Amino acid sequence: MAVPGDVRGRGLSGLPNMNGEEEEEEESHEVRATVKTHTHVMCAIQTTNNGPRQIKIMCVCVQVLLSVFAQHGQLGLCFYDSRDFTLHYMPDTSDNHELQLLARVKFSVTDSLSLPLFTTGLEVSKQRLLSAHFPFLPPAVSERERISYLSSCISFSSPLMLRSVGALLKCLDKRRVGVELEDSSVGVPILQKDVVYVDQDTYSVLQIFKSELHPSVYKLQSGEKEGLSLYGILNHCRCKFGSKLLRQWFLRPTRDLAVLNRRQEVVRFFSCPRNSDSLNTLQSSLRNIRNIPTLLRSMSLSHTKVSDWQGLYKTVYSAVCIRDTVRSLPQSIQLFQEISEGFSDDLYYIASLISRVVDFEGSLAENRFTVKPNVDPAIDEKKRRMMGLSDFLTDVARRELEHLDTRIPSCCVIYIPLIGFLLSVPRLTSMVEKEDFEIEGLDFMFLSEERLHYRSQRTKELDDLLGDLHCDTKDMETAVMTQLQTTVLGRSACLYKVLDLSAELDCLMALSHASQEYGYTTPTLANHHRITLRQARHPLLELCSPMFVSNSFLSSETRGRVKIITGPNSSGKSIYLKQVGLIVFMALIGSDVPAKEAEIGLVDGIFTRMQSRESVSVGLSTFMIDLNQMAHALNHSSGHSLVLIDEFGKGTNTVDGLSLLAASISHWLKRVPAEVPHILLATNFHSLLQLGLLPSSGLLVLSTLETAVDGDELVFLYQLKEGICRSSYAANIATLAGLPPSLVQRGFTKHFVYFTRFVPCQLRDLNLQPLVTTAPPLYSSLLLVPTFLQLSPSQLYIL
C-alpha cells in the first residue's frame with residue numbers, strides 16, 4: 001500500500017513486543033452512533049466481547065480520519081489529516097470509567113453517518129505499520145533498521161494505539177485515499193492542549209511509580225506493593241476509588257490551569273493547620289465509601305447480598321456526613337460547592353429508608369435479607385406465628401404421643417422449610433429393616449440421625465392451616481427487597497456523584513496531608529516559559545537522608561534555558577535533574593512541591609535520557625536505546641517542554657559520543673529562543689565546555705556541584721554554583737568505592753600515559769566540521785545514526 005503522510009505525535013522508544021497474541025483481521029458489524037465533527041463525518045461504534053468495557057470507534061471525514069481504541073481503563077488513538085498528509089497518534093493513556101477523554105474526542109466533531117468498522121489484531125497492526133511505504137526511508141532499508149527508526153518516533157509499547165493505527169491504515173488502504181507518507185517532522189499530538197506527555201522511561205527513572213513484590217510469603221504470587229515512589233509518599237487516600245483516581249492523575253498530568261487551580265485551592269485549604277479537624281472528620285467518613293458501581297450492578301441483577309446492603313448503607317450515611325461537614329466550609333471553593341449541591345437530599349432519603357427497612361442483625365444471623373418489624377403487617381404476622389410455633393408444636397406433639405405405640409417413649413413435631421410439618425420419633429432397636437419403619441396411621445418420610453420422620457393427619461392439617469411459613473416469609477421479604485432495590489436504583493444518579501466527588505476530595509486531602517507532613521509549598525502556575533525554584537528539594541531523597549542540601553533552579557525566556565552541569569561522580573548531578581523533573585511533575589497534578597518558593601510555567605512534556613532499560617527481547621543495543629531516547633527528545637520537544645539528559649554519549653567511543661552530544665545541544669541552541677525547551681544536562685565530558693564545542697548563547701548556563709579536597713579525601717558539598725568542573729576526581733571516587741589502592745594507582749599511571757601520548761595529537765587535529773560523506777574512517781560509524789534517528793547530516797557535528 002502507499003499511504004503518504006507525516007508521522008507525528010509522542011510515543012515511547014523501544015522495539016515492538018512480538019510476544020503478544022496474534023489476532024486475525026476482521027470487518028465487524030456496524031453499529032450506529034452520534035458523533036460530532038466540523039465537517040460531514042462517517043462513524044461507527046462497536047462494543048466487543050473480548051473483555052469488559054471494550055469500545056472501538058472509527059470516524060472518517062472529508063479531511064480527518066480518526067481511530068480510537070479503549071479497553072480496561074486505557075485509551076489509545078490516532079488520526080490521519082489528509083490536508084497535510086500527516087499521521088498523528090496518542091500513546092495509551094489512562095481514562096476513567098466514564099471515558100471522559102473519549103467524550104472530548106466526540107465533542108470535537110458534528111454530523112453522523114455510519115461506516116463498517118475495521119479492526120485488526122495487535123501483531124497484524126504491527127506488521128501493517130512496518131510494511132507501510134515510507135518514502136523518506138532508503139529503499140533498501142532492512143526490517144531491523146526500519147524497526148529501529150520507527151521505534152524512535154512511535155510507541156510500540158502502546159498496544160491500543162498500535163491497533164488503532166492498524167485499523168486506520170487498513171481503512172486508508174481499502175478506501176484508496178490516494179496519499180503518500182512524507183518525511184517526518186515535529187508535530188503537535190492530539191489533545192496536546194491539556195495532556196502532558198510523559199513516557200514510561202520517565203516514569204521509571206523519576207521513580208514516580210515503583211512496584212515491589214509483597215514481603216509476605218502468602219502474597220508472593222498475587223501481589224505487588226508500591227515501593228519508595230512519588231505515588232507511594234503522596235497516596236494518603238482513605239478509599240480505593242481515591243487511590244485509583246490519584247493514580248489516574250499521575251498517569252495523566254494536565255496543563256489545564258482551571259483544573260490545576262481547582263485542585264490547588266482545596267489542597268491549600270486543608271494544608272492549613274486550623275482546618276485539620278475538618279480534614280480528620282472527612283477522612284474518617286471517606287473510609288466507609290464502597291464500590292458504588294459494583295453495588296448498583298448487583299442490585300440491577302438482583303444479586304444483592306447482606307454485605308452489599310451494609311456497604312451501601314455505610315456509603316450513603318457517610319456521604320450525608322461528608323455533605324454536612326462540607327456545608328460548614330467556605331463555599332467559595334468550587335469542590336465544596338459541588339459537594340454541597342451534588343450530595344442531594346436523595347442520599348438522606350436512601351439512608352433513612354435502608355435504616356427503617358433492613359434488619360441487619362437478623363440478616364447476618366440468617367445470612368439473607370430480612371425486614372424490620374412494622375414494615376409489612378403480613379410479614380409481621382407470619383413472623384409472629386413462627387415465633388409462637390415452638391410452644392404450639394410442643395402441645396401438638398404431646399397429643400400425638402397419646403396415639404402412638406407405647407414402645408415409643410417420646411416424639412416431637414418439627415417444621416422443615418419446603419417440606420412442611422413432620423412428626424419425629426426415635427428409632428427403636430427392633431426397627432432394622434425398612435419394613436419395620438411402617439407405623440399404622442403414619443406416612444414414613446425419611447430416616448435421619450437415628451430418628452424417623454413421618455407425616456400424620458395432624459401435620460397435614462398444620463400444612464393446610466399454617467402453610468410454608470418460612471418460605472412465605474422469605475418470599476415476602478424478597479419482594480420488599482426488590483421494591484427497595486428499585487427505589488435505590490431510581491435515585492442512583494446521586495450515588496455516582498458521591499463516587500466521583502468523594503474520590504476527588506479524597507485525592508486532594510491526601511495531597512494536602514503530604515504537603516503538611518513534608519513541608520511543601522503551593523507553586524504559582526502560569527502559561528509562560530519560566531521555571532523558578534528556590535531552595536528546592538528531592539521529594540524522595542529527603543525522606544531517606546538525615547541531611548539534604550537544597551538547590552535552586554532558574555530557567556527563563558532569555559537565560560538558563562540550557563543548563564549544563566558538570567561535577568565528579570556521586571556529586572549529585574542526577575539527583576538534581578530528577579529533583580527538577582519531579583517538582584515540575586508534582587505541579588502538573590495539582591500537588592504542592594518541596595521548595596521554599598516555586599513558579600512554574602506549564603510544560604507540555606517531560607523527556608528524559610537518563611536510564612537505559614535493556615532487555616534481550618528489545619533487540620537493540622544499549623547505545624541504540626540511548627539514541628532512541630535522545631532522538632525522541634530532539635524531535636518532539638517544544639519551547640514548553642522539560643528535557644533531562646544524564647551522561648548521554650558514554651555508550652560509545654568517547655569522540656563519537658562527545659560529537660553527538662555537542663551536535664544535539666547545538667541543535668537546540670540554534671532554535672528560536674521561544675522554541676528552546678528547558679534543558680538540564682549532566683555530563684562528564686568536560687572537554688565539551690573546555691574546548692568550546694558549543695555556540696555562544698545567553699540561553700546557556702554552565703553549572704557545577706561544589707566539592708572540597710581535604711588531604712587525600714574528597715568531600716561532596718552538593719551545592720550548585722555557576723562554573724565548570726576541572727576534574728572528574730575518578731581516582732578519589734574509586735578509593736571511596738573500595739577499590740584496592742594499588743589498582744587506583746595503576747589506573748592513575750595509565751591515565752597519565754594516555755594523555756602524554758595521545759591528547760596533544762588530537763588537539764593539533766581539532767577542527768569543528770559538519771559531518772560529510774568524506775569523513776575519515778574513525779567517524780564512519782556515525783554515518784548511519786542520523787539516517788535512522790531523524791538527525792539530518794547538517795545538524796551533526798564532530799570533533
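List every residue pair whose Cβ atoms sit under 8 Å apart, with the two residues 6 or more apart in sequence or on different chains, where the first one lies in region 290-302 and is over 17 Å from Arg491 (Cβ atoms) and the second, anywhere, is of a type in the set (Val, Ile, Thr) and assigned to a helix (DSSP H, G or I).
Filtered contacts from region 290-302: Ser302/Thr482.
Residues in region 716-730: is at least one assigned to a strand (DSSP E or B), in the same structural domain as Asn569 (by TED's automatic domain parsing) and more than 29 Å from His529 (Cα to Cα)?
Yes: one or more hits.
Does Asp592 meet the test of being crowded, with 23+ Cβ neighbours inside 10 Å, more than 24 Å from the chain's Cα centre (by Cα) and acidic (Asp, Glu)?
Spelling it out, it is not the case that Asp592 is crowded, with 23+ Cβ neighbours inside 10 Å, more than 24 Å from the chain's Cα centre (by Cα) and acidic (Asp, Glu).
Between Thr683, Thr622, which is more than 30 Å from Ala526 (Cα to Cα), buried (at least 22 other Cβ atoms within 10 Å of the Cβ) and in the same structural domain as Gly605 (by TED's automatic domain parsing)?
Just a single option satisfies the conditions, and that option is Thr683.
In the list Gly590, Gly560, Gly601, Gly572, which residue meets the criterion of being touching a Cys at 6+ places or on another chain (Cβ under 9 Å) and more than 13 Å from Leu644 (Cα to Cα)?
Answer to the selection: Gly590.
Got a sec? Which of Arg262, Arg274, Arg247 is without any contact (Cβ under 8 Å) to a residue 24 or more places away in the chain, assigned to a helix (DSSP H, G or I), basic (Lys, Arg) and surrounded by fewer than 21 Cβ atoms within 10 Å (Cβ to Cβ)? Steps first, answer last, please.
On the way: Arg262 fails: without any contact (Cβ under 8 Å) to a residue 24 or more places away in the chain; Arg247 fails: without any contact (Cβ under 8 Å) to a residue 24 or more places away in the chain.
On inspection, the qualifying residue turns out to be Arg274.
Mind checking which pairs have a first residue in region 371-391 that is closer than 24 Å to Thr482 by Cα and a second that is modelled with pLDDT of 75 or more and hydroxyl-bearing (Ser, Thr, Tyr), Cβ under 6 Å, 6 or more apart or different chains?
Lys382/Thr473
Among what's in region 343-370 and is at pLDDT below 90 and of a type in the set (Gly, Ala, Ser), pick the residue that is nearest to Leu295 (Cα to Cα).
The qualifying residue nearest to Leu295 (Cα to Cα) is Ser363.
Looking only at residues in region 653-683 that are under 35 Å from the mean Cα position of the chain (by Cα) and in a loop (DSSP other than H, G, I, E, B), which one is nearest to Thr608 (Cα to Cα)?
The residue in question is Pro677.
Name the residue that is surrounded by the fewest Cβ atoms within 10 Å (Cβ to Cβ), counting only residues in region 463-491 that are acidic (Asp, Glu) and not in a loop (DSSP other than H, G, I, E, B).
Only one residue fits best here, namely Asp464.
Conditions tested, residue by residue: (1) modelled with pLDDT of 60 or more; (2) of a type in the set (Ser, Thr, Tyr); (3) in a loop (DSSP other than H, G, I, E, B).
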site: Leu65; (1), (2), (3): yes, no, no
site: Tyr80; (1), (2), (3): yes, yes, no
site: His97; (1), (2), (3): yes, no, yes
site: Arg128; (1), (2), (3): yes, no, no
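Among the residues of region 545-572 satisfying the criterion of being modelled with pLDDT of 90 or more and out of contact with any Lys or Arg (no Cβ under 6 Å at 6 or more places or on another chain), which is surrounded by the most Cβ atoms within 10 Å (Cβ to Cβ)?
Per the criteria, the residue is Arg561.
Specify the residue that is surrounded by the most Cβ atoms within 10 Å (Cβ to Cβ); the eligible residues are those in region 573-589 that are out of contact with any Pro (no Cβ under 7 Å at 6 or more places or on another chain) and of a type in the set (Gly, Ala, Ser).
It comes out as Gly581.
Only one of these conditions is not met by Ala708: (1) under 25 Å from Gln579 (Cβ atoms); (2) in contact (Cβ under 8 Å) with a residue 12 or more places away in the chain. Which number is it?
Unmet condition: (2).
Take the conditions within 20 Å of Ile322 (Cα to Cα), buried (at least 17 other Cβ atoms within 10 Å of the Cβ) and at pLDDT 85 or above and apply them to Asn288. Does it pass?
Values: within 20 Å of Ile322 (Cα to Cα): yes; buried (at least 17 other Cβ atoms within 10 Å of the Cβ): yes; at pLDDT 85 or above: yes.
Taking the combined requirement at face value, the residue satisfies it.
Quick one: is Asp346 of a type in the set (Asp, Glu) and surrounded by 16 or more Cβ atoms within 10 Å (Cβ to Cβ)?
yes
Quick check on Ser456: is it in contact with a strand residue (DSSP E or B) (Cβ under 6 Å, 6 or more places away or on another chain) and farther than 30 Å from Asp346 by Cα?
So Ser456 fits the description; yes.
Residues of region 82-95 being outside any loop (DSSP other than H, G, I, E, B) and modelled with pLDDT of 70 or more, which ones?
Leu87, His88, Tyr89, Met90, Pro91, Asp92, Thr93, Ser94
Return the residue satisfying two criteria in turn: it lies in region 498-532 and is of a type in the set (D, E, K, R) and in a helix (DSSP H, G or I), and of such residues it is surrounded by the fewest Cβ atoms within 10 Å (Cβ to Cβ).
Step by step, filter region 498-532, then rank; the result is Glu517.
So, Glu449, is that one more than 30 Å from Arg561 (Cβ to Cβ) and free of Cβ contacts under 8 Å to residues at least 24 places away in the same chain or not? Talk me through it step by step, then tell me what you get.
Numbers: more than 30 Å from Arg561 (Cβ to Cβ): yes; free of Cβ contacts under 8 Å to residues at least 24 places away in the same chain: yes.
The answer is yes for Glu449.
Within region 727-747, track down each residue that is surrounded by 12 or more Cβ atoms within 10 Å (Cβ to Cβ) and hydrophobic (A, V, I, L, M, F, W, C).
Ala730, Ala731, Ile733, Ala734, Leu736, Leu739, Val744
Could you please let me know if Val480 is in contact with a helix residue (DSSP H, G or I) (Cβ under 9 Å, 6 or more places away or on another chain) and closer than 16 Å to Ile292 by Cα?
It is false that Val480 is in contact with a helix residue (DSSP H, G or I) (Cβ under 9 Å, 6 or more places away or on another chain) and closer than 16 Å to Ile292 by Cα.
The values are calculated or read from the model by the stated rules, or taken from the named source; none is laboratory data. Since this is a predicted model, take the numbers as computed values, not measurements. Cβ coordinates were reconstructed from backbone atoms using ideal geometry, including for glycine residues, and neighbour counts include every protein chain displayed.
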